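Beneath this line is the structure, given in structure tokens, with notes to follow.
The values are calculated or read from the model by the stated rules, or taken from the named source; none is laboratory data. Predicted, not measured: the structure shown is a model, and the values here were computed from it. Every residue, glycine as well, gets a Cβ built from its backbone with ideal geometry; the counts of neighbours run over all protein chains shown.
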Amino acid sequence: MLLCAVLTLLPLQAQDAESADWKSDINYLKELIDKEYPFLYKKVTREEFQDAADALLLMADEAEDHEMATGLMKLIALFGYGHTSVGLGNTPYDLRQLPVHLKQFKDGIYIEGVREEFSNDVGARVLKIQGRDIDEVYKKVITYFPAENSQFFKAYGMSYLVFTEILTAEGFIEDPTVPVTLTLVKDGKEYDREMNPMEKGERTPASYGYTQNKDGWISARDTNATPNYLKHLERIYYKEYLEDHNAMYVRQSQIKDDSLMAIPEFYDEVFKEIEAKNIEKLVIDVRLNGGGNNYKNRAVLKDIIAHPEIDKVGNLFVILGDRTFSACQNLVNELDNYTNAIFVGEPTGENINFYGDNNKEELPNSKIPVYLSFAWWQDKPQWENQEWLPPHVAVQMTFEEFANNQDPVLEAALNFKDDNFVLDPMDYLTSLFMKGDIETLKKEAFRFSKDERYVFFDLEQRFIEVGERLTGTGMVHEALFVHQLNTELYPESVATWYALGRTLKEAGMKAESLEAAQKAMELASGQPQLQKQLKDFIQTLE
């Protein structure tokens, strides 16, 4: 059973408390992880984690409780798994939120929902928080969130930008109880808005990440109409025949049985209607799906595979999004492995292979629950362990499209044309390489690197990984071709030049390796840690 731990990140109700023995709690946590959860040292080394824990220990005598609580959040976030988190809800260390609900769209971060007293600000784009550029605040605040990738933070962590304890911890404000100034732009006008934080634990009334018009809150979306992906949110899944496209639309927002109908029964009904009406397309929308029980994925796969008229390129579409997480990550992995689904939308909020199910471990003094994952879920080989499952066709929603109830993602699926479309770019490029058709390979690689439909495919990183695997198997000449092509595709990338430099060194071409490394060093200006790494590499060539 793979249960989404996101709810543990949403604080509930505060209580009064005396200061905890933070040193004892941190030492307990260090020993617990070393003894029971050493496998979590995957994205962060034991040494890095222990150093961060020791730095937090040094703060304990002088720091206030809210500083230690947020420091604990930042410490656990180092593991980089969404199911491994700190739950401050229903503890004395709950966080304060500004009375806004933020959401990130293609064109920026907007106030998607707001308390009624700030109704004039709903739909405004956020430019700054307390005079600091929103991008700067984002980079600081994300370190407190157990983000598997930027998509997961986008889906579940945007409130961290307006948690005043976190803003205090990063020095943006002096105290979590003071007003905060947001610099906003709306209707072409830029202005400042000062807001006081709400009471501890008070949160936006939201469903699947979208503000509901109740309890004194209003949404930026025109609620006179509702797009398919937000219809019937009281139901876990629903289906609708889209006659104009002869397509069946299914929205499934959890991996669990609805009270009205179990998953196997529901999908049996879906395919009975497909057969009865001779429906050509099936669109399964899991952009809101944060997980559940992944043993229930079997029924979905079974019915799709049993219908070859649907399970073919151009007839089966799956809509992904930033909330696609946990057991739903398993579902889309399996759909990718065993069906001909075309994925449309945005990348998932979870790594392809990940640590999931967690244990609740309560710190003995503060009583703060820490959720530590113990189950490794691997649906794909180690070398396919990307940070997310990317869509085959990338479509991002703008704020205006959201506010006006447009759905460019569903439209892209319904109006899909397979002209010049490649389902698996790497497999296609590999086949060209094996055939020796280098001219076509280069032409197509450049096309993929410029085509917005493949923006999330990360061709650059895939080429680096392929080149490194080729080098590791002794195919250095072939690896050099891949890395050199990558520098042509992405000439301003430090990573491509550094990878080329390492491979040139393996080939015994030290002069050329030094030239590539120096190019990487130039591009790494302003990145001292990376420059040090490159400097160390260059010293091995001199």
**Failed item, numbered, when ALA479 is tested on (1) farther than 30 Å from ILE352 by Cα; (2) buried (at least 20 other Cβ atoms within 10 Å of the Cβ)** = (1)
**Item:** Filter result (modelled with pLDDT under 90 and not in a helix (DSSP H, G or I)) within the range 454-504
**Value:** VAL455, PHE456, PHE457, ASP458
**Request:** Residues being touching a residue at least 40 places away in the same chain (Cβ under 8 Å), surrounded by fewer than 23 Cβ atoms within 10 Å (Cβ to Cβ) and closer than 15 Å to ILE111 by Cα: count how many of those fall in the range 181-201.
**Result:** 8
**Request:** Within the range 362-380, work out how many residues are over 16 Å from CYS328 (Cα atoms) and either in a strand (DSSP E or B) or not small (Gly, Ala, Ser) (or both).
**Result:** 12
**Message:** Being surrounded by 14 or more Cβ atoms within 10 Å (Cβ to Cβ) and either farther than 24 Å from GLU460 by Cβ or basic (Lys, Arg) (or both) is the requirement here; does PRO408 meet it?
**Reply:** yes
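Residue under question is PHE325, and the condition is that it be under 24 Å from the mean Cα position of the chain (by Cα), closer than 30 Å to LYS154 by Cα, among the hydrophobic types (A, V, I, L, M, F, W, C) and not in a strand (DSSP E or B); does it hold?
It is true that PHE325 is under 24 Å from the mean Cα position of the chain (by Cα), closer than 30 Å to LYS154 by Cα, among the hydrophobic types (A, V, I, L, M, F, W, C) and not in a strand (DSSP E or B).
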**Condition met for ILE263 (modelled with pLDDT of 95 or more and either among the small types (Gly, Ala, Ser) or in contact with a Lys or Arg (Cβ under 6 Å, 6 or more places away or on another chain) (or both))** = yes
**Prompt:** Quick check, is VAL370 buried (at least 20 other Cβ atoms within 10 Å of the Cβ), within 18 Å of the chain's Cα centre (by Cα) and either on the phi < 0 side of the Ramachandran plot or without any contact (Cβ under 8 Å) to a residue 40 or more places away in the chain (or both)?
**Reply:** no
**Fill in**
Considering only strands (runs of 3 or more DSSP E) wholly within the range 135-246, the ones with at least 2 residues that are among the aliphatic types (A, V, I, L, M) are 180-186
**Leading residue by the ranking (surrounded by the most Cβ atoms within 10 Å (Cβ to Cβ)) among those in the range 425-453 that are outside any helix (DSSP H, G or I) and of a type in the set (D, E, K, R)** = ASP451
